[in-house]
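Enquirer: Submitted below is the structure of interest, expressed as structure tokens.
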């Protein structure tokens, strides 16, 4: 089967003619694409809209929040070193070891904040009494 090369009108923007209905035109100087309707040329894409989208980066960590190490007064906080943790991201976290005690303690957590190479966990009203093993995924 023979293939045919499809070409569209192309050239400088200042020399772009009135395009027929459904006809495409590419401006090589301004990196814009137009489509005609027989009366007007409508811009459908430019250099900014052709840049590829960079997907967000993600990092995952497994963290053990020990039963000891909480501050003495509410809100109870604990800072834990986590090598490679980033401060500028959205941390999503979830419990990964399920026991009755760990689920009760996990429910006491009210905040998790990331820092460079560390995490700070907060329990506003009641201090967890057991170890809590969580997975953290940071999207940045």
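Derivation of every value follows stated rules applied to the coordinates shown; laboratory data play no part. A quick note: this is a predicted structure, and the numbers were derived from the prediction, not measured. Cβ atoms come from the backbone with ideal geometry, glycine included; neighbour counts cover every protein chain shown.
Enquirer: If you count the DSSP beta bridges with both ends in region 9-50, what percent of them are antiparallel, to the nearest 5?
Expert: Percent antiparallel among DSSP bridges in region 9-50 is about 75.
Enquirer: Could you tell me the distance between the Cα centroids of region 25-39 and region 51-113, to the nearest Å?
Expert: 51
Enquirer: Let me ask you something else. Please state the shape class of region 9-50: rounded when a/c is under 1.5, otherwise prolate if a/b exceeds b/c and oblate if not, all from the C-alpha gyration tensor.
Expert: The shape class here is oblate.
Enquirer: 7 Å from Cα along Cα→Cβ at both residue 68 and residue 124: what's the point-to-point distance in nm?
Expert: It works out to 3.0 nm between the two label points.
Enquirer: If you take every DSSP beta bridge fully contained in the chain, what fraction is antiparallel? Give it as a percent rounded to 5.
Expert: Of all bridge pairs located within the chain, approximately 90 percent are antiparallel.
Enquirer: Tell me the Kirkwood radius of region 58-139: reciprocal of the mean inverse pair distance over distinct alpha-carbon atoms, in Å.
Expert: Computed over Cα pairs of region 58-139, the Kirkwood hydrodynamic radius comes out at 12.7 Å.
Enquirer: Would you mind computing, in nm to one decimal, how far apart the modelled labels at residue 103 and residue 13 are, each placed 7 Å from Cα along Cα→Cβ?
Expert: Taking the two extended label points, one gets 6.1 nm.
Enquirer: Under the classification rounded if a/c is under 1.5, otherwise prolate if a/b is larger than b/c and oblate if not, where does the chain fall, given a ≥ b ≥ c as square roots of the Cα gyration tensor eigenvalues?
Expert: prolate
Enquirer: Also: Mean separation of Cα pairs under 8 Å and 6+ residues apart, divided by the residue count of the chain: what relative contact order is that in percent?
Expert: 23
Enquirer: I've got another one for you. What distance in nm lies between label points placed 7 Å from Cα along the C-beta direction at residue 115 and residue 55?
Expert: In this crude label model, residue 115 to residue 55 measures out at 3.2 nm.
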